[in-house]
Structures are given as C-alpha cells and as structure tokens.
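A short worksheet on the structure shown next.
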Amino acid sequence: MAVVNEKMEALGKVRSAIRDLFEYGLQRAKIVGAENVYDYSLGNPSIPAPDCVKDTMIELLEGDSVALHGYTSAAGADDVKEAVAASINERFNAGVTKNDIYMTCGAAASLTISLNALVCPGDEVVAVAPFFPEYRVFAQAAGAVFKVVKADTEKFQIDFDSFEETVGPNTKAVIINSPNNPSGAVLSRETIDRLCDALRKKEAEYGHQIFLLSDEPYRELVYDDIEVPYMINEYDDTLVCYSYSKSLSMPGERIGYIVVSNRMEGNTDVFAAVAGAGRALGFVCAPSMMQKVIAKNQGKTSDINAYRVNRDILYNALTGIGFEAVYPDGAFYLFVKSPEPDAKAFCEKAKKYDILMVPSDSFGVEGYVRLAYCVSKDKIERSIPAFEKLMAEYK
Ligand code: PLP
C-alpha cells in the first residue's frame, strides 16, 4: 500500500513553471537588486485595492466581532448573495437570484467545486488553448479526462475545426476564459455566438447537457469599448466562476462565487451538486469578513486604467523593437511570439538580461511567451533596453 496518494504527492513535488521563475527572480534580486530584475512572471495585481475595501474592513472591524468572524451558511450569507445577484442583474439583466449563487474562495475554488459537481467517471472536460494551466490539474483531480481545443493563433479566438474534433459524446463541460490568461484576448461576439450554436448542436446530437464553465476573474479588466458577453444570457447550461482577486486586487483574501444559471434544465440538482462538491472538498462558508467586504463594494474596481497604461507602453515598445505580439484587449498579460521556435530557449536567453517571462508550453500552445504586465510602469520603462539587447541576439 502506498503511504500517500501518489498523484497528489507528484503534484506537490512538481512546482509550476511560473512559481519556479518567481523564486528565481527573488534569488536574482538578492544579487542584482530587485529594481534590476524585470519579473513578468506572476499575475499578482500591482494596483492596490481601492480605498473602499480598506474603509469597509475598518468599519466592519469596529462592529460586532462575533458576527463578523462567525460562520455563515455553507453557500454564503443570504444578504451577500442578494447583493451579488442584484449587481449581476443591474449590469447584465440576467435574472440571477441569491439561490443560484455559491460563495467560494476565489476562482480556483469556483472551478474545482464546479468540476467536482459535474464530472462522472469517463467524462471529458475540454479547455480552449491557451488556458490557465491549473485547469488540467483541477479537471484531472475531479476524475475527468482533460482535452484541449487548439488555439487559433491569429486572434486567439476559438479554432472551430479543432472544437468539432475535440468535443464529443463524452464531453461533460467546456471551460472558457475571456478576457484570457495568458493571451489577453477577449472572445468576440461572433465567436461566442458560434460557440453557443456549436454547443447546442452537440447537446442535441449526443442527447445530454454540455456545461459551459465561464471562468471570469478578468471580466472587468478590459481596456477599450469591448463587449464581454455575459454567458448566462447566451447559453442556458452555463456556470459562471467568478473571483474578486483581480477586479478588487485582493487575491490573497480568497473570495469569489459560482452562479448556476437558473435557465438550465435541472438547475436545482446542479446547484445541489455544487453545494455537495463544496461540502466534500471542505469549501463551505467562504471567508465571512470578505463576503461582507465584497457585498458592500459591488460594482467597484481597482484603478484598472493603470493596467491600460502599462499595456500600451509594453505593447508599443516591444512591437517597435520587432517582437510580434497579440494586442491584448483585456486581463494584464501580453502574449509575445518567441523569435525562435523553442519558447523555453528564448526565455532562458531572456534571463541573461534579467527578463523573466513564462514560456507558453504550459498554457497548451507552443512558441509564445507570457508577460504579466501587472508591474510598475517605471519597471516596464526600464526593462525596454533589456528587451532591445535580447532582440539584438536575433538580428
Ligand atoms: N482562472 C484564471 C484564468 C486565472 O488567471 C486565475 C489566477 O490567476 C484563476 C483562475 C485563479 O483565481 P483565484 O486567485 O481567484 O483563485
């Protein structure tokens, strides 16, 4: 008999490529100084949470401490879920009620709970490349076979030929993420319409529901007048996995939610399965103080404009030097084409100039690198000469 679950042991021993780079950056900072390490590895918000978050926390801390720190209902406090539903309906007119909402510890928990709620033995879960690498971990841990729809590397929309080949009779769920980590692309209205039609056709063909998990931690991080369709209004079998980690710059506070669309067939059973998965995984009663904080700050965001400034400086500078990059409409990532086929080799060369970038392989696409531009504007500006030197190696 094995001492521990070997799959879990392996997961715990292999650090993600992103974490490895981040640790490397910390070591380099000790040698050359933090200001000289151009660390674009981690998607940790660089813009502070808005003042209203701090003000609400102070106000709450001055109130009844027993109520503040006590348990809420497993799915979250009723008044919190009412505030969340009201805000969703005000923005998207989606007919969501408090009974459709399950409060969670961020998008990661929203995804693992949803996947554990839906996946039965033999089911497949499909993600669209490029994707957040933890999708694979979450889907496999829930017992699913993980499959990937290839990326359209022109505009990073969905490659529908690959979609047709990949989504089959065993597909239980498809995960989308728009605005996207790592490409920064937003799925267009045309793509969303095509996706929903294709899913409905597949459901009719196979005679069962195919759930859409819309992973939305970057929903509010869009920089121009870009539409990000609210998937509950587009496709009935939708679960929205939301998080305040990025919109309110509070990733360490672990707060988000799942919405199970009340328009799907069997929605009360699906919600019960979500509650059951939350229970089985120990994800009951999301942090009570944070529930109250977000309830009071619906519709608020950090100063997202600062990311737009960063995007413009970095995109213009890198494309000016000769790099090819996808123009990002949202999130805080720039996806740059590696000037050599092996993105890992390119990232290794970049380390010589203390530029830290993540090769795209772990996102399910080859030949790109991800730059998380949630760093200071000053650091971006100071990093440009280092990129010039790096590019000179390829000329
Ligand atoms: N999904 C995507 C696409 C992400 O980029 C992240 C975090 O970076 C998560 C989910 C996890 O978010 P959270 O910190 O809210 O768990």
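Computed from the coordinates by the stated procedures, all read-outs in this text should not be read as laboratory data. The structure presented is a predicted model; accordingly, all values stated were derived computationally and were not measured. In this analysis, Cβ positions are derived from the backbone assuming ideal geometry, glycine residues included, and neighbour counts consider all displayed protein chains.
Compared with the direct C-alpha span, the chain from LYS30 to PHE160 gains 42.1 nm at full extension, assuming 0.36 nm per residue. FRET efficiency for the GLU265 to MET8 pair, using the beta carbon distance and R₀ = 41 Å, is estimated at 0.75. The distance between label points at ALA74 and ASP312 comes to 5.0 nm (points 7 Å beyond Cα on the Cα→Cβ vector). Would you mind checking the range 39-81 for residues with the amide N under 14 Å from a putative spin-label position 7 Å along Cα→C-beta of LYS377? The answer is 47-48.
With both labels modelled 7 Å from their Cα along Cα-to-Cβ, the ARG189 to GLU82 distance reads 3.6 nm. Averaging 1/r across all pairs of distinct Cα atoms in the range 1-158 and inverting the result yields a Kirkwood radius of 20.3 Å. Give the distance, in whole Å, between the Cα centre of the range 253-310 and the Cα centre of the range 353-379. Each part's Cα centre sits 28 Å from the other's. Shown in residue order for the range 348-363 are the 3J(HN,Hα) couplings computed by the Karplus curve 6.51 cos²θ - 1.76 cosθ + 1.60 at θ = phi - 60°: 5, 4, 4, 4, 4, 9, 6, 9, 10, 9, 9, x, 7, 3, 6, 8 Hz (x for Gly and Pro).
Mind checking the log10 I(q)/I(0) for the chain at q = 0.07, 0.09 Å⁻¹? Debye, one equal scatterer per Cα, no solvent, two decimals. Per q value, in the given order, log10 I(q)/I(0) is -0.33, -0.55.
The calculated FRET efficiency for the pair LYS395 and LYS296, based on their C-beta separation and a Förster distance of 56 Å, comes to about 0.55. Simple spin-label estimate for ASP197 and ARG15 gives 4.8 nm between the two label positions (7 Å along the Cα-to-Cβ direction from each Cα). Looking at the range 72-295, what % of its DSSP beta bridges pair antiparallel, to the nearest 5? Just about 35 percent of them are antiparallel.
Taking 0.36 nm per residue of separation and subtracting the Cα-Cα distance, full extension of the segment from ASP64 to ALA345 would add 95.6 nm. Taking one quarter of the surface of the convex hull spanned by the alpha-carbon atoms of the range 72-295 gives a direction-averaged projected area of 11.2 nm².
Which of ILE47, ILE210, ILE58 moves most in a GNM of the chain, Cα contacts under 10 Å? Checking each option, the largest mean-square fluctuation is seen for ILE58. Per-residue ellipticity at 222 nm from helix content only, as computed over the chain with -39500 (n - 2.57) for each DSSP H run of at least four residues, stands at -13000 deg cm²/dmol. Along the chain, counting only chymotrypsin sites (Phe, Trp or Tyr not before Pro) with a DSSP assignment other than H, G, I, E or B and at most 12 other Cβ atoms inside a 10 Å radius, the longest segment between sites is 72-393. Stretched out straight at 0.36 nm per residue, the stretch from ASN233 to GLU366 would grow longer than its current Cα-Cα span by 44.5 nm. For VAL145, the residues 5 or more places off, or on other chains, whose built amide H falls under 5 Å of its own are ASP123, GLU124, VAL125. Along each principal axis, taking the top coordinate minus the bottom one, the Cα set of the range 41-87 gives 37, 26, 21 Å in descending order.
Sorted from longest to shortest, the spans of the Cα atoms of the range 198-272 along the three principal axes equal 42, 32, 16 Å.
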